[in-house]
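**Q** For reference, the structure I am asking about is given below.
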Amino acid sequence: MSNEALEIRGSDVAVIEVESGHIKVRFEPAYLLKSEAIVGVDPSTRWQQTSQLLFREATLEGELPDLPATIETAKLQMNQHTYVDVVPLPIEMPGIISLTLTFKGRSGKVVINAGHVLYFAIDLEKYLEHLDQPEG
C-alpha cells in the first residue's frame, strides 16, 4: 500500500451525483492517513480534507441514503486488488472498478461499478492527530 490513503470508513458522504455515465462521490469531510513508511502498518497521521472520487463509465446499484451520511464499511475492488475501508492515494485507475458502501444507521448497500476511478482534493488538508498504533 502507498504511504497515503483515503480512509473511507468514517468519512461523510455529502453528495452522490449521477450524470451521463459518471458518478461523483463527494466527501465532506474525508479522512486521510499518511505515513513515512506503510499506511496501516506503521505509525501514521490523520488529516481531514474535502475530496471527491469520480467514477467514469459508471453504474449505481442500491438505494441512496439521505445525505449527508457516514460510511460504516467500504470495499474497493480495482482489477485484481481489493481494499477494505481505505483507498491508496494518489489514484487514477482504469479497469474493472467496484466500490461497495454501507452507511451508519441504514441497512442495505450502495454499489458503484465503473471503468475508471480518479481522486480529487477539493480544499487544503487539515492535520487532526498522530496515530502511534495502526487501527484495526
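**Q** Just one of the numbered conditions (1) part of a loop (DSSP other than H, G, I, E, B); (2) modelled with pLDDT of 95 or more is not true of residue 52; which one?
**A** That leaves (1) as the condition not met.
**Q** Looking for whichever is closer than 27 Å to residue 130 by Cα and surrounded by 15 or more Cβ atoms within 10 Å (Cβ to Cβ) here; the options are 32, 60, 99, 54. Which one fits?
**A** Within the list 32, 60, 99, 54, the selection yields 32.
**Q** So the check is Cβ under 7 Å with 6+ separation or different chains; which pairs have a first residue in the range 89-118 that's among the aromatic types (Phe, Trp, Tyr) and a second one that's modelled with pLDDT of 95 or more and buried (at least 17 other Cβ atoms within 10 Å of the Cβ)?
**A** Going by the 7 Å Cβ cut-off, the qualifying pairs are 103/69; 103/71.
**Q** Is one or more of the residues making up the range 31-48 of a type in the set (D, E, K, R), at pLDDT 95 or above and more than 16 Å from residue 6 (Cβ to Cβ)? Talk me through it step by step, then tell me what you get.
**A** Pass one, the range 31-48, residues of a type in the set (D, E, K, R): 34, 36, 42, 46.
Among the residues that remain, those that are also at pLDDT 95 or above are: none.
The answer is no, given that none of the residues of the range 31-48 is of a type in the set (D, E, K, R), at pLDDT 95 or above and more than 16 Å from residue 6 (Cβ to Cβ).
**Q** Given the criterion on the phi > 0 side of the Ramachandran plot, out of contact with any His (no Cβ under 7 Å at 6 or more places or on another chain), in a strand (DSSP E or B) and not β-branched (Val, Ile, Thr), identify the matching residue among 10, 95.
**A** That would be 95, the only listed residue that is on the phi > 0 side of the Ramachandran plot, out of contact with any His (no Cβ under 7 Å at 6 or more places or on another chain), in a strand (DSSP E or B) and not β-branched (Val, Ile, Thr).
**Q** Confirm whether residue 74 is more than 16 Å from residue 15 (Cα to Cα), surrounded by 13 or more Cβ atoms within 10 Å (Cβ to Cβ) and at pLDDT 95 or above. Lay out the reasoning, then the answer.
**A** Details: more than 16 Å from residue 15 (Cα to Cα): yes; surrounded by 13 or more Cβ atoms within 10 Å (Cβ to Cβ): yes; at pLDDT 95 or above: yes.
Answer is yes for this residue.
The values are calculated or read from the model by the stated rules, or taken from the named source; none is laboratory data. Treat the numbers as computed from the prediction; the structure is a model and nothing was measured. Cβ sites come from the backbone with ideal geometry, for glycine too, and all protein chains shown count toward neighbours.
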